[in-house]
Structures are given as C-alpha cells and as structure tokens.
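Since the structure comes first, as structure tokens, the remarks are kept for the end.
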Amino acid sequence: MTSRATPRITTASPILKTVWDPEDIRSRLPASGGVGFLFHATDPTTIAFAFDRFPDDPEELWKIPPFVGSPIFWDNRVIGAHVISPLPATLWATGHAGIKRFRESGYKPMLELAERCGLTHLGLAALLPLVIIYLTHHEPWV
C-alpha cells in the first residue's frame, strides 16, 4: 500500500460537492479490508450539505446513488469510509412500500459501494431521530 499525503477527490458529479473514488479508498486500506458505516439522511436538511444543487423534487433523490461521504482515518491512515444514501428516511420509512423501495434503491447499492471500497466490517446507522420523534407523540414501548 502506498501512502499519499492528500486524498484523491473528484468532482465528477454535477450535483455532489465532492466524490470520493471507491478504488482510492480500497487502495489505502490494509489487505484485510476496512471498517465502514452506512448512513442514510434523516431528513432533506441533513443531506443537503453534500450537494451543490439539492434537488427540488424529492423523487429526484431516488435517482442519485449512494456515495462515499468521507474516509475514516486512524493515526493519519485510512481505515475505512462512510457510505451515505441520499434518501431521507422521511421519504421511505413511512410504510412497507417505501422500505421495500429503499432496500432495492438505497440499501443494496450502499452494500455494493461498501464492497467496491473494500470495507469488510460494516455498521448501520439507526433511525434514532425518528424514534425520538415517534416516542414524543406516542406511548412508549413497554
């Protein structure tokens, strides 16, 4: 593995501000692979930071594939990456059809991107903000 001082970043997407190349992440990892966290946006505000131009129509987000938000560093070495789905939970976590659509259009592509990055140990971000909102409006689980 070669050590590089600065990460290779491209701006190939007309919408995303920064695109990290999965092969670049993979090339920096140890042979055993890296760690990764799979995230989805909780709402449009939490994902808009990554875009130069955020889509006006939420349906447009279904067309945008997951992306590497950033590498994960430890002692100035890349040990993994954050893989992000631009699909806010408010768009899909409202019923069975939305969850099924997210699984096909968001979750599976996130796993494929993680594999292309060489990530072998993955953690999935939880819907904690939505659970908190739910609990403030409903009876808690007992």
Which log10 I(q)/I(0) values, to two decimals, does the stretch 44-111 give at q = 0.22, 0.27 Å⁻¹ under the Debye formula with one point per Cα? -0.96, -1.23
Whole-number accessible area per residue in Å² for the stretch 63-124, which is evaluated in the context of all protein chains at 1.4 Å: 56
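The values are calculated or read from the model by the stated rules, or taken from the named source; none is laboratory data. A quick note: this is a predicted structure, and the numbers were derived from the prediction, not measured. Side chains are part of the model used for accessible areas, which takes the heavy atoms of the whole protein and leaves out ligands, DNA and RNA. Shrake-Rupley method; radii C 1.70, N 1.55, O 1.52, S 1.80 Å.
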